[in-house]
Amino acid sequence: MSSTLEQKLNEFREIFREEFNSTLSALFNLWQKARDSNNIADIKTLRFEIHSLKGSSATLNLLNLSSALDKIEQGLAQNAANLGEINKINEQIDGLINELIKAAQLPHCPLLEITESVEPTTTISVQKLKPTANDISLKSHRDISIAIVDADEAMANLMSKLLTTFGFVTSHFSSQNELNLALFKQKFSIAIVDLAESELASEQTFSFAKSLQQRGIDVFIISSLNTFDARLLAIRAKVSDFLLKPVNVTNLVTKIRKNFKIDLVRPYRILMLDDQLETTGFYQTLLDTQGIEVIALTEAEKIMAALESFPPDIFLLDMHMPDVSGLEVAKLLRQQAKYDYVPIIFLTADNDINTKLLALECGADDVILKQTPPALILQQIDSRIQRSQQVRYMASRDSLTGVLNHGQIMDAAAHALRLAARHIKPVVLVMIDLDYFKQVNDNYGHMGGDKVLVSLGQLLLQSVRETDFVGRYGGEEFMVVFSDTECDVIENKMQSILSALRHIDFNVNEQIFNCSFSAGLASSENYDKLSELIAAADAALYQAKAAGRNQISVDKS
């Protein structure tokens, strides 16, 4: 654990120790009231306070105290459920609380000593999660150089052309030796290597893949062998991916983007909810040391407002809170489709199997005990976020062009419009329609049409900011949402994009052709509703078409 984190953790422990006697006194008074009244509401209140204190002590690795509190909580649960003889149960609780009070009076209270939750011989270090605010280094297409190793020159050239269409830089090598020689002069980010069908050649290929990995070059294998043995050898050679022939270029591009985190535009974001300040303080410190953006809430009622401007990669929820339980919050989140793929992890001091089952039934992905070592918690968070980002990316993208699909671009536009209204910063929405696209399909086939759609999608993605959104609205129509900007700025940008598209030479069966688009712009300064904004941009688009296409039109409202 880093010295900064350990120092912060010790600060939290000192505060906890200083307040422990007054906390214990309050618990004793609550127990006196609950025991004398035998009122179920008083018992529940005390049980909640005991559980909260147990969670905080577990988080701070004061496991002796956590264990003692757990015994009291179990006794209170029996009391509340009328399990066994109440007087006998109350006597047991009296004894346990008196033991706490006696221990607290000792010069060195054993309950407030740190107890490791792992074996002393086990060394666990907190390793930095990626990406972070400091070390995130996002690649663009032009930063990624691809070596294609394939003896089939025609197939390699076709793949090279298609990848170039997506903005990647490629080089073709007919053999492994040829690439080895080139590595003395050239550097590559990734090698796409064809796997020959013979057993000897396969062994050589995987040995070659290992050597490339040692040089810091990621490896994708393409193969006709869809066998368990071939895939296992690929895993053991630590290749980054394994694709079957014929390779779908869109799928390949998606995997390359994922491999280099091209679409990851910010550090991880975590929204945490726990009513205990000690717990939120500790975890916020832990996650801050990793460069992770954290919002830590102590009141469940504030979560919806926080989500308006803070879309998280994961939720960390406490199970037991006053008024609103963590289980209820999980159900509330799962009611909203936009959080379907965002993991929910419960942090709890409750090790009961029924608690874990309840959490899973409410849509949670995992339950982690609060006494779990910080390094393991970070690893589980990292694993969950990475997996969910992959799933969310695949679910949100148009399979052909790689831009957002219709549903996602509409959600992005609605969210941008809400933020624009709140911060009084305009959004400019652009509707784009490819000119004479039916003629492209008729003259050059759907392969030609697909090339144009992919090129425009990638051109738009490479031309916008991280805060903007590009989506396929339907067919040959695209929507782009620009945040915090003015129409004249976006009009100039769209003119540049249009000019760039016009200069792309599309080649299908040795036939060269060019394409253009028409576009309409509208600003949220003039409209409150998304439907009105889209209608205005659509009307401007039709003005551009009526004026002869191949141009940009701006809504004048």
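Every number in this text was worked out from the coordinates using simple rules, so none of it is lab data. Because the structure is predicted, anything quoted here is derived from the model rather than measured. Counting neighbours? That spans all protein chains shown, and the Cβs are built from the backbone with ideal geometry, glycine included.
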Open item on the list: Which one, SER516, THR485, ILE534, is farthest towards the positive end of the dipole of the range 478-557 when Lys and Arg carry +1 and Asp and Glu -1 on their Cβ?
Closed with: SER516
TODO: Taking every pair of alpha-carbon atoms in the range 1-59, give the share separated by more than 15 Å as a whole percent.
DONE: 58 percent
Task: the range 253-298 versus the range 308-340: alpha-carbon centroid distance in Å - done: 15 Å
Open item on the list: Can you tell me which lysines have their Cα less than 26 Å from the Cα of LYS187? Leave out same-chain residues fewer than eight positions away.
Closed with: LYS130, LYS139, LYS161, LYS210, LYS238, LYS255, LYS258, LYS261
Task: Acute angle (nearest 10 degrees) that the helix 530-546 long axis makes with the longest principal axis of the chain, alpha-carbon atoms - done: 10 degrees
TODO: List every residue whose amide H lies under 5 Å from the amide H of ILE368, counting only residues 5 or more places away in sequence or on a different chain, with H placed 1.01 Å from N in the peptide plane.
DONE: PHE346, LEU347, THR348
TODO: For LYS556, go through the lysines and keep the ones whose alpha-carbon is under 29 Å away, minus same-chain ones fewer than eight residues off.
DONE: LYS425, LYS493, LYS529, LYS545
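Of the listed peptides 538-544, 427-433, what is their order by residue-averaged count of other C-beta atoms within 10 Å, with the highest listed first? Before the final figure, lay out the partial values.
Values: 538-544: 19.4, 427-433: 26.0.
Averaged packing, sorted descending, gives the order 427-433, 538-544.
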Open item on the list: Regarding the range 13-114, what's the average projected area of the Cα-atom convex hull, expressed in nm²?
Closed with: 5.7 nm²
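Can you give the FRET efficiency for LEU243 and LYS338, using 1/(1 + (r/R0)^6), R0 = 25 Å, r = Cβ-Cβ distance, to the nearest 0.05? Spell out each step's value before the answer.
Details: r = 31 Å, r/R0 = 1.22.
Efficiency, rounded to the nearest 0.05: 0.25.
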Task: Shape parameters for the chain, alpha-carbon atoms, Rg then Dmax in Å - done: 29.8, 93
Open item on the list: About the Cα centre, and with charges only on the beta carbon of Lys, Arg (+1) and Asp, Glu (-1), how big is the dipole of the range 307-386? Nearest 20 debye, please.
Closed with: 100 debye
- [ ] Give the share of C-alpha pairs in each 5 angstrom bin for the range 384-539, from 0 to the last occupied bin, in whole percents, shortest bins first.
- [x] 2, 9, 18, 21, 18, 14, 10, 6, 2, 1, 0
Task: Dimensionless Rg over Rh [the range 484-552; C-alpha; Kirkwood] - done: 1.10
- [ ] Would you please put 329-338, 466-475 in order of how densely packed they are, using the mean number of other Cβ atoms within 10 angstrom per residue and starting with the highest?
- [x] 466-475, 329-338
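Based on Cβ point charges of +1 for Lys and Arg and -1 for Asp and Glu, what charge dipole magnitude is obtained for the range 1-111 about its Cα centre, in debye rounded to the nearest 20?
On the way: 11 positive and 14 negative charges, 23 e Å.
The dipole of the range 1-111 has a size of about 120 debye.
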Open item on the list: Against the empirical 2.2 N^0.38 Å scaling, what ratio does the C-alpha Rg of the range 375-427 come to?
Closed with: 1.57
Task: MET272 long-range amide H proximity, modeled H, under 5 Å - done: ILE295, ALA296, LEU297, LEU316
Task: Cβ-based charge dipole, the chain, positive-most Cα from SER37, LEU9, GLY445 - done: GLY445
Open item on the list: So for each of 152-158, 514-520 I average, over its residues, the number of other beta carbons within 10 Å; can you give me the resulting order with the highest mean first?
Closed with: 514-520, 152-158
Task: Reachable aspartates and glutamates, given that their alpha-carbon falls under 15 Å from the alpha-carbon of LYS71 and they are not under 8 places away in the same chain - done: GLU49, GLU91, ASP94, GLU99, ASP350, ASP352
TODO: Place +1 on the Cβ of every Lys and Arg and -1 on the Cβ of every Asp and Glu in the chain, take the dipole about the Cα centre, and give the residue among LEU27, VAL169, THR355 whose Cα lies farthest towards its positive end.
DONE: VAL169
TODO: Taking the chain as the reference, fit the longest principal axis to its C-alpha atoms, fit the long axis of helix 86-104 to the helix C-alpha atoms, and give the angle between the two in degrees, 0 to 90, nearest 10.
DONE: 80 degrees
